[in-house]
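> One structure coming up, written as structure tokens, with questions to follow.
The values are calculated or read from the model by the stated rules, or taken from the named source; none is laboratory data. The model shown is predicted, which means the values in this text are computed figures rather than measured ones. Here the Cβ positions follow ideal geometry from the backbone for every residue, glycine too, while neighbour counts run over all protein chains shown. Calculation scope for accessible area: heavy atoms of the full protein, side chains included, ligands and nucleic acids excluded. Shrake-Rupley method; radii C 1.70, N 1.55, O 1.52, S 1.80 Å.
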There are 2 protein chains.
Amino acid sequence: MNALARLGMVSESPSENQTITTACLEPAKDYFVERDGVRFAGMHLLIDLWGASNLDSPELIDRTLCDGALAAGATILHSHFHHFTPNAGVSGVVVLAESHISIHTWPESGFAALDVFMCGSCDPYKVIPFLKAAFAPASVQVGEQKRGLVV
Amino acid sequence: MNALARLGMVSESPSENQTITTACLEPAKDYFVERDGVRFAGMHLLIDLWGASNLDSPELIDRTLCDGALAAGATILHSHFHHFTPNAGVSGVVVLAESHISIHTWPESGFAALDVFMCGSCDPYKVIPFLKAAFAPASVQVGEQKRGLVV
């Protein structure tokens with residue numbers, strides 16, 4: 001932890017208390033999703049928040065992303081957030097059985113860049129209302145990618 | 001660690017021995033990048049590997065992504081990899097001072113989905129030769145996004 005301590009505050013949440021489900025738990029057995037006539041590995045959203053608040057709180061960010069992940073039907077394996085300096089940006093990730101959610105924030109610009117990648121039957125769009133509630137962005141830009149698309 | 005232990009093997013590497021540089025260390029002070037007449041927060045590559053090997057080794061994946069991150073000029077803060085079962089998929093992330101690298105693998109399909117997001121002067125494309133060397137993919141598909149693009 002020495003290197004991390006030199007760089008700022010770190011929060012770590014292995015989320016031990018969560019109920020573990022087996023849905024989409026093992027990518028090796030998850031095969032690919034088939035939806036609307038196409039086969040792919042998972043849905044990946046790139047989400048940019050502009051004019052957003054509360055981007056300097058690793059605790060709020062951790063709670064928000066984990067709440068969103070659960071609402072999307074995902075299983076949390078691990079989360080890690082780094083607070084660069086007090087009142088400054090936060091970088092971190094929630095590792096899911098169904099892939100991950102990441103966030104990087106620039107509080108002085110009111111900007112946050114997230115990505116939400118989920119395989120299986122999880123719905124990554126269900127994370128977005130939690131982002132709106134926590135960070136009150138003036139605008140939300142979403143790009144959708146189907147990863148591992150087989151045609 | 002109980003929940004994690006139930007789900008499979010976890011590797012954790014806070015990378016204590018790495019030399020810490022101050023380049024692009026704090027998003028709050030990093031402002032945005034200006035390049036080719038446009039201003040943006042960072043470059044985000046979505047990389048799909050097909051026909052790839054060695055996708056079931058968290059140790060190799062951890063080493064490959066960390067080597068790639070350093071070659072790209074990034075500073076590693078934390079890495080975490082989850083091996084769902086022996087010989088099966090790996091999910092994980094390297095959290096960087098300049099954002100992150102993530103990977104999710106489907107060894108039975110020879111498929112891996114990565115994303116490499118780096119702010120500042122780091123070059124995310126420098127990660128790709130390390131992926132080719134470690135996983136010998138038959139094909140590599142790369143999508144590039146400028147995140148936080150201000151026009």
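> Using a label point 7 angstrom from Cα along Cα-to-C-beta, what distances in nm, from shortest up, separate B:Glu59 from the other copies?
Values, ascending and in nm: 4.0.
> Would you kindly state how much longer the chain becomes between A:Val151 and A:Glu108 on full extension, computed as 0.36 nm times their sequence separation minus their alpha carbon distance, in nm to one decimal?
Full extension of this stretch gives 11.2 nm more.
> Let me ask something else. If the label for B:Val150 sits 7 angstrom from Cα along the Cα-to-Cβ line, what are its distances to the same label in every other copy, in nm to one decimal, shortest first?
4.4
> Now, a different point. Taking just the alpha carbons, could you work out the radius of gyration and Dmax for the range A:47-151, both in angstroms?
Over the range A:47-151's Cα set, Rg and Dmax evaluate to 13.3, 48 Å.
> Looking down the axis that turns B into A, which residue of B has the closest beta carbon, and how many Å out?
B:Val93, 2
> Taking 26 Å as the cut-off for C-alpha to C-alpha distance, list the pairs among A:Lys132/B:Lys126; B:Lys126/B:Lys146; A:Lys146/B:Lys126 that go past it. Can you show the working numbers first?
Details: A:Lys132/B:Lys126 35 Å; B:Lys126/B:Lys146 16 Å; A:Lys146/B:Lys126 24 Å.
As for pairs spanning more than 26 Å Cα to Cα, those are A:Lys132/B:Lys126.
> Taking beta carbons within 10 Å but only from partner chains, what does the mean come to for residues A:95-104?
Mean partner-chain Cβ count within 10 Å for A:95-104: 6.
> Here's another thing I want to ask about it. Could you run the numbers on buried accessible area between A and B, total for both chains, 1.4 angstrom probe, in Å² to the nearest 100?
When A and B are taken together, about 4500 Å² of accessible area is lost.
> Which whole number gives the average count of other chain Cβ atoms within 10 Å of the Cβ atoms across peptide A:105-118?
Partner-chain Cβ atoms within 10 Å, mean over residues of A:105-118: 5.
> Order of B:94-103, A:125-134 by packing, highest average Cβ count within 10 Å first?
Per-residue mean Cβ counts within 10 Å order the peptides as B:94-103, A:125-134.
> How many Cβ atoms of partner chains, on average, are near each residue of B:44-50 if near means within 10 Å of its Cβ?
So the per-residue partner count for this stretch is 3.
> So what is the relative contact order for the range A:29-115, in percent, with contacts set as C-alpha pairs under 8 Å and at least six apart?
Reported as a whole number, the value is 30 percent.
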